[in-house]
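Scroll down for the structure; my scribbles are underneath it.
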Amino acid sequence: MIYLKLFLTFFEIGALSFGGGFGMISLINEKILSSGWMSEEEFLNMIAISESTPGPIAVNMATFVGSTQGGMLGAFFATFGVVLPSFIIILIISALIKNLLKYPAVQGFLIGVRPCVVGLVLATAVLMANTVLVNTHSKSLFDYKGIVILLLISAVAAVFKRLKKKNASPIALIIFSAVLGIILY
């Protein structure tokens with residue numbers, strides 16, 4: 001049954017992922033592609049949509065995948081599956097946090113998980129960059145329009161940071177990149 005499969009898949013993702021939504025992307029990618037629920041291109045579009053809509057990216061992705069596979073009920077089960085492990089873990093940790101943090105093993109665990117989270121985020125970034133910037137639709141090796149958009153967004157963010165001494169608004173950068181996408185594509 002699709003609802004049970006959606007729930008269990010996203011429950012597993014929610015239970016085994018560290019580092020928030022961005023740390024989950026590589027695991028979500030693996031599960032969605034291996035289940036045949038989406039193509040690589042559809043997955044990248046889903047990331048863009050999930051990132052540009054309000055809410056946590058993992059919840060948005062679970063809701064989106066669930067709705068494409070099982071309608072409103074599928075969206076519910078996928079979303080419930082991805083948030084349930086965090087909810088349970090936070091309930092347990094909140095009851096025990098003061099006592100847990102004093103143990104060296106717990107501190108070591110948390111310190112040891114950090115490089116894994118960074119590695120997962122970097123691996124996802126490399127995968128996405130490869131898919132977005134390498135052209136699979138024509139004879140040209142690179143998608144030069146995608147590279148131009150990436151460079152322009154990076155330049156705007158860097159200039160803003162240098163001049164204003166703070167980060168550019170992610171919403172403004174998303175809107176700017178969407179406008180560039182409309183113009184260039």
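Tabulated results
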{"quantity": "Subset of segment 98-118 (residues that are over 21 Å from Pro56 (Cβ atoms) and either within 21 Å of the chain's Cα centre (by Cα) or assigned to a helix (DSSP H, G or I) (or both))", "calculated": "Lys98, Asn99, Leu100, Pro104, Ala105, Val106, Gln107, Gly108, Phe109, Ile111, Gly112, Pro115"}
{"quantity": "Within segment 65-84, considering residues that are of a type in the set (A, V, I, L, M, F, W, C) and surrounded by 21 or more Cβ atoms within 10 Å (Cβ to Cβ), the one nearest to Leu16 (Cα to Cα)", "calculated": "Val82"}
{"quantity": "Single unsatisfied condition, Trp37 versus (1) part of a helix (DSSP H, G or I); (2) over 13 Å from the mean Cα position of the chain (by Cα); (3) of a type in the set (A, V, I, L, M, F, W, C)", "calculated": "(1)"}
{"quantity": "So Ile89, is it at pLDDT 85 or above, at negative phi and either surrounded by 11 or more Cβ atoms within 10 Å (Cβ to Cβ) or of a type outside the set (Lys, Arg) (or both)", "calculated": "yes"}
{"quantity": "Candidate set: segment 3-57, residues that are among the β-branched types (Val, Ile, Thr) and surrounded by 15 or more Cβ atoms within 10 Å (Cβ to Cβ); chosen: the one farthest from Thr124 (Cα to Cα)", "calculated": "Thr9"}
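The values are calculated or read from the model by the stated rules, or taken from the named source; none is laboratory data. A quick note: this is a predicted structure, and the numbers were derived from the prediction, not measured. All Cβ positions, even for glycine, are placed from backbone atoms using ideal geometry, and neighbour counts span all protein chains on display.
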